[in-house]
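S.K.: Below you will find the structure I want to go over with you.
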Amino acid sequence: MGYRVVVDYYLCESNAICMQVAPDVFEVRDDDFLYLLTETPGDDARGRVNEAVQRCPKQAISVAEE
Amino acid sequence: MAIVGASLAGTRAAEALRRDGYDGAITIIGDEPHQPYDRPPLSKQLLAGEWEPGRVALSDDESLRELQADWRLGRRAVGLDAAARTVALDDGREVSAEGILIATGARCRELPTSGLDGIHTLRGLDDCLAIRAELDSSPQRVAVVGAGFIGAEVAATARERGLEVTVIEALPVPLGRILGAEMGAVCAEVHRDHGVDLRLGVGVDGFEGHGRVERVNLSDGSSVEADVVVVGIGVIPNTEWLEGSGLELDNGVVCDETCLAAPGIVAAGDVARWPNPLFGEIMRVEHWDNAIAQGQHAARRLVSADSEAQPYAPVPWFWSDQYDRKIQLAGRVRPDDDVRIIAGSTQERRFAALYGRAGRLVGVLGFNRPRHVMKYRNLIEQGAGFEDAVKIAEQE
Ligand SMILES: Cc1cc2nc3c(=O)[nH]c(=O)nc-3n(C[C@H](O)[C@H](O)[C@H](O)COP(=O)(O)OP(=O)(O)OC[C@H]3O[C@@H](n4cnc5c(N)ncnc54)[C@H](O)[C@@H]3O)c2cc1C
Ligand code: SF4
């Protein structure tokens, strides 16, 4: 079973906390927007993605199991 | 393990213990009846009426169950014996534990209300819902006492709901003692931009009314007619229950660099005071992000050997949402620091400013500049010089 990272861009304020936790998945670029480098980062990154979900102050990140 | 305080620091600490493989018993004691919830939305989305209370839960039911903790909610800890490592509860029972994590946070400082209704402070979910009900009933004017971050957010939310708002602040500029006069003045302008009646440099003498508040009397002899008052004049750490415990209390639970307050006892979040080696300063940080990071750090401290203990050396960071501005501050700033704007301008209310002291970069303030704040937060962590940081900004 895999999972998909979902960002609610309406809630996201681009503060880049997630990028500090999982730079291989989240990137805030010079335009001040958050980009997902991959929606399906795989099991290796799961711990870091979970941490990003918790650390996002806007509750903008969720994980969809699939 | 016993965790006292079932909020942000306490919950994240319990999760960290489990994540790190601790499989012993965890007891979590919290005096609020609610399951752990998030406070920032209480002055923002929930107060605005955009969110419903269910949305502020810190973790879903399943994650909470996975913690396999013994939750004692609605139970207050009334004493601690540091040597015996026991916590006394208000039902007369005792919890003894190998390790104890103190995360009892802080509560609002209050003003004497003369027994009048309609005067609130905002810390918990019930406070928020009470104020929200007041705002729903279309008051003539809301008075906010204190233009700190919580007061500013309540004022912004009330204005966005179309209500008349007066903000009363004892200092000549809002947040002047934190951000300095220049940046504090920008915060004042943001309120004025949005039609807030801002009264600076005046204190509150008292409240008047018949059963319910009608008027706030100010120290300059003037008064403000208001039928709802929210007082946001800072918080006091919840340490009374620790009197006589053997722990050192001084504006918080005093810890060492590693968050240890006594053998087998740690503290985290709004209640903890510790020497942050990165700044060479003893600090107590009242920010959301710190409650998580310190909760996790303190949890690890509890289960690690003394020889492996790591100092807790974060760059404090927080955000505040006011109107359409997202204000963020990272670092440890003082009013007399050097301040340099490195992007945007205060006129457009979108800028980033660096703070320097003794040649070192100590802070970064952003108004709708999230990327700059994180970039310079990293530089603060690396110990960058102030002029070097300014140069980096010039090259950007
Ligand atoms: C309205 C509001 C808005 C905020 N907005 C922001 C923001 O935008 N950005 C930001 O960075 N920070 C914000 N904060 C601050 C942030 O929420 C706090 O820093 C954070 O909640 C601290 O977590 P904590 O677990 O240390 O303490 P708390 O959240 O205060 O939790 C302590 C818990 O312990 C309980 N307790 C106290 N004494 C006892 C006892 N003797 N026995 C048992 N239980 C006890 C308390 O009732 C409480 O449930 C906001 C705070 C509020 C109130
Ligand atoms: S931490 Fe949350 S709010 Fe911040 S950039 Fe990531 S998703 Fe957006």
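S.K.: Could you bin all the Cα-Cα distances of chain B into 10 Å bins starting at 0 and give me the percent of pairs in each, rounded to whole numbers?
M.R.: Spelled out per bin, shortest first, that is 5, 22, 28, 26, 16, 3, 0.
S.K.: Continuing with the same structure: With the solvent-accessible surface defined on protein heavy atoms using a 1.4 Å probe, which residues belonging to the stretch A:1-48 display a reduction of at least 10 Å² in accessible area in the multichain context relative to the isolated chain?
M.R.: The answer is A:11, A:13, A:14, A:15, A:16, A:17, A:20, A:28, A:30, A:32.
S.K.: Residues of the stretch B:16-31 with backbone nitrogen within less than 15 Å of a virtual label 7 Å along the Cα-to-Cβ line of residue B:91, please, listed as ranges.
M.R.: Label zone hits: B:27-31.
S.K.: Can you give me the distance in nm between label points at residue B:189 and residue B:217, each placed 7 Å from the Cα along the Cα-to-Cβ direction?
M.R.: About 3.7 nm, to one decimal.
S.K.: Could you name the lysines in cross-link range of residue B:326, using Cα to Cα under 17 Å and dropping any fewer than eight places away on the same chain?
M.R.: Correct list for residue B:326: A:58, B:44, B:375.
S.K.: Quick check: from the Cα gyration tensor, does the stretch B:318-365 come out rounded (a/c under 1.5), prolate or oblate?
M.R.: Oblate shape, in that a/c is at least 1.5 and b/c is the bigger or equal ratio.
S.K.: In square angstrom and rounded to 100, what buried accessible area do you get between chains B and A, total over both, with the probe at 1.4 Å?
M.R.: Buried: approximately 1800 Å² between A and B.
S.K.: Taking square-rooted eigenvalues a ≥ b ≥ c of the alpha carbon gyration tensor, is the stretch B:49-131 rounded, prolate or oblate, where a/c under 1.5 means rounded and, failing that, a/b exceeding b/c means prolate?
M.R.: Judged from the Cα gyration tensor, the stretch B:49-131 comes out oblate (a/c at least 1.5, b/c at or above a/b).
S.K.: Test of understanding: in a Gaussian network model of chain B with alpha carbons linked when under 10 Å, which of B:265, B:178, B:102 would top the mean-square fluctuation ranking?
M.R.: It is B:178.
S.K.: Convert 25 °C to kelvin, take the viscosity as 0.890 mPa s, use the Kirkwood radius over C-alpha pairs of the protein assembly as shown as Rh, and evaluate the Stokes-Einstein diffusion coefficient in µm²/s, rounded to a whole number.
M.R.: Answer, rounded: 106 µm²/s.
S.K.: If you average the C-alpha positions of the stretch B:309-346 and of the stretch B:48-109 separately, how far apart do those two centres end up, in angstrom?
M.R.: Taking the Cα centre of each part, the stretch B:309-346 and the stretch B:48-109 sit 30 Å apart.
S.K.: Taking R0 as 25 Å, what's the FRET efficiency between residue B:60 and residue A:27 from their Cβ-Cβ distance, rounded to 0.05?
M.R.: Working from the Cβ atoms, E equals 0.35.
S.K.: Let me test this: with uniform point scatterers at the alpha carbons of the stretch A:22-66, what is the Debye-based log₁₀ I(q)/I(0) at q = 0.15, 0.17, 0.27 1/Å?
M.R.: -0.37, -0.47, -1.13
S.K.: What three numbers, in Å, describe the spread of the alpha carbons of the stretch B:324-395 along their principal axes, ordered from the longest?
M.R.: Principal-axis extents of the stretch B:324-395 (Cα, largest first): 33, 27, 18 Å.
S.K.: Here is a follow-up. Could you state the principal axis extents of the C-alpha atoms in the stretch B:110-231, from the largest down, to the nearest angstrom?
M.R.: Answer, in whole Å and largest first: 41, 30, 24 Å.
S.K.: Spin-label point model (7 Å from Cα, Cβ direction): what's the residue B:309 to residue B:35 distance in nm?
M.R.: Once both label points are built, they end up 3.5 nm from each other.
S.K.: How many partner chain Cβ atoms sit within 10 Å of a residue's Cβ in peptide A:49-62, on average, as a whole number?
M.R.: Mean number of neighbouring Cβ atoms from other chains: 3.
The values are calculated or read from the model by the stated rules, or taken from the named source; none is laboratory data. None of these values were measured; they are calculated from a predicted model. A quick note on method: Cβ atoms are made from the backbone with ideal geometry, for glycine too, and the neighbour counts reach across all protein chains shown. Keep in mind that these areas ignore ligands, DNA and RNA; they rest on the heavy atoms of the full protein, side chains included. Shrake-Rupley method; radii C 1.70, N 1.55, O 1.52, S 1.80 Å.
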